[in-house]
Amino acid sequence: MSSTRHAEIAGAGFAGLTVATALAQRGWSVRLHEKGTELREQGAGIVLFGNSLKVLESLGVIDEINEGSMTPPFYETRMQNVIVSDEDMPGVWWRTLTRPFLHKVLSEAARHAGVEIATGSEVIGATESGTLRVRGGEELEADLVVGADGVASAVRDSLGIRYDRWNAKDGITRFLVPRRKEDLQRIEPDTEWDNVIDFWNLEPRVLRVLYTPANARELYIALMAPSDDKEGSATPTINLDVWTSIHPQLRPVLEEATKIDGKYFRYQTNRLEQWTKGRVALIGDAAHAMAPALAQGGGCAMMNAFTLATAATAADPADLPDALVEWERLERPFTERCQDRSQEYASTRGMSQGGQFVGDNLETALYDPTDPNRHLAQV
Ligand code: FAD
Ligand code: 5PR
């Protein structure tokens, strides 16, 4: 009889790839189902903090991540183009990068760890006894089933797990464009164009540009507007006249954005009654979608993916359902406090006052999911 434990995972986003790799590295046989016909991430840029960077370090990919990412000198916040804060976050590990790059590094790590990746494989549900159902009728049995299938999770909904949902009034359209640093410098020579710059504008209308250099060549820009602003939320092509009328110094990169089809996303927070049922665990946006204000949705997805893998590995296979309940009890409060803080910022637009990377707001960024003693003070 083989003692190898087996996991079936739905969804090859940052959560699914992380848990798959961490389990395979711990001796599990792992199959990862992705409904897309190829493995790829369509998003633009992402900011990661120590909590997820520690996970990437433990997965053995941090050197590669470092080579393809950067730490901007400051996280700058401007209101009506006046600087209200420049934060260098002493003691906080943070990197900016592109999503396609992070996805590629994680996909390669998963393959290297021996994860079997099934693309074009759509999961339609799961059962608490530990089966995953795939479109076409296949029922796959596993010791552990993971729903990492995003905000519209079929695994979650098939188990009848209920949840509350909050939508913010604002939403965002995101692009990856060339840096155009020399052109920007010609327009505003005194600006440090390697900074993250959060260009807030509330009057005469709410139009905000979050400017995030992701490496030497690529810039992530996120254009935020209320969902009832037809011009500000226009896609697939942004309204260049409207955006340059408020942010004229960003013209070179806004022009680049007009060449790309954009998609407007509204912020959403989901709170589930439970993250686990029997042998099934939910992670990432399937379990805890959050507003992006503190840039921790992906970070929490990766840290919960990693701690799920370590908790499941430490468990006696017969007691896995209890171990999952205990994992949720210990880990969930950290994510929920982050969700609450992010939701509060999103609904008050409080980030426009700057200075947010201090005190309790850094709890998630400073959390170390790879430290086995992390709960000693809490339990
Ligand atoms: P997803 O990325 O949604 O991946 C789910 C995967 O499952 C996809 O590949 C999908 O195709 C697949 N799938 C779905 N259904 C099925 C099915 N039925 N069967 C098989 N496969 C399926 N986070 C940060 O940490 N830092 C940031 O700076 C940041 N910025 C953000 C900005 C915005 C505007 C938004 C909206 C979010 C931001 N986030 C950020 C959050 C982050 O993007 C998400 O939390 C993270 O990508 C969630 O990862 P996931 O793997 O859970 O889900
Ligand atoms: N931070 C990041 C981000 O992408 C967004 C926000 C904050 C990295 C939105 O895209 O506040 O909306 C935000």
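Every number in this text was worked out from the coordinates using simple rules, so none of it is lab data. None of the values given here were measured: they were computed from a predicted structure. Methodologically, a virtual Cβ is constructed for each residue, glycine included, from the backbone with ideal geometry; neighbour enumeration extends over all protein chains shown.
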Hits in the range 348-359 (condition: within 15 Å of ligand 1 (Cβ to nearest atom) and either small (Gly, Ala, Ser) or in contact with a helix residue (DSSP H, G or I) (Cβ under 9 Å, 6 or more places away or on another chain) (or both)) | Met351, Gln356, Phe357
Take the range 341-363 and flag every residue that is among the basic types (Lys, Arg) and under 19 Å from the mean Cα position of the chain (by Cα).
-> Arg341
Quick one: is Thr212 over 17 Å from Met70 (Cβ atoms) and either in contact with a Phe, Trp or Tyr (Cβ under 8 Å, 6 or more places away or on another chain) or free of Cβ contacts under 8 Å to residues at least 24 places away in the same chain (or both)?
-> no
Which condition number does Glu231 fail, the rest of (1) closer than 29 Å to Glu67 by Cα; (2) assigned to a loop (DSSP other than H, G, I, E, B) being met?
-> (1)
With respect to the numbered conditions (1) free of Cβ contacts under 8 Å to residues at least 60 places away in the same chain; (2) crowded, with 19+ Cβ neighbours inside 10 Å, which one is the sole condition not fulfilled by Asp316?
-> (2)
Across the range 270-286, what is the total count of residues that are more than 8 Å from ligand 1 (Cβ to nearest atom) and crowded, with 21+ Cβ neighbours inside 10 Å?
-> 7
Is the range 41-53 home to any residue that is surrounded by 24 or more Cβ atoms within 10 Å (Cβ to Cβ) and polar (S, T, N, Q)?
-> yes
Verdict on Glu256 being among the acidic types (Asp, Glu), touching a residue at least 12 places away in the same chain (Cβ under 8 Å), away from ligand 1 (no atom under 15 Å from the Cβ) and over 20 Å from Leu207 (Cβ atoms) = no
Determine whether the range 347-363 contains at least one residue that is crowded, with 24+ Cβ neighbours inside 10 Å, part of a helix (DSSP H, G or I) and at negative phi.
-> no
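Quick grid of which residues meet (1) in a helix (DSSP H, G or I); (2) out of contact with any Ser or Thr (no Cβ under 6 Å at 6 or more places or on another chain):
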residue	(1), (2)
Ala287	yes, yes
Gly298	yes, yes
Ala301	yes, yes
Asp319	yes, yes
Arg332	yes, yes
Gln339	yes, no
Gln343	yes, no
Asp368	no, yes
Arg374	no, yes
Look through Glu336, Glu326, Glu331, Glu344 and report the one residue that is on the phi < 0 side of the Ramachandran plot and within 12 Å of ligand 2 (Cβ to nearest atom).
-> Glu344
Sort out which residues of the range 141-177 are within 16 Å of ligand 2 (Cβ to nearest atom), β-branched (Val, Ile, Thr), in a strand (DSSP E or B) and within 18 Å of the chain's Cα centre (by Cα), and write them in order of number.
-> Ile172, Thr173
Qualifying residues in the range 186-234 (those that are within 16 Å of ligand 2 (Cβ to nearest atom) and of a type in the set (S, T, N, Q)) - the one farthest from Ala168 (Cα to Cα) | Asn215
Taking Gly16 as the residue in question, decide whether it is small (Gly, Ala, Ser), away from ligand 2 (no atom under 15 Å from the Cβ) and under 30 Å from Gln249 (Cα atoms).
-> no
Counting only strands (runs of 3 or more DSSP E) entirely within the range 25-140, those with at least 3 residues that are touching a residue at least 24 places away in the same chain (Cβ under 8 Å) and away from ligand 1 (no atom under 13 Å from the Cβ) are 75-79, 82-87
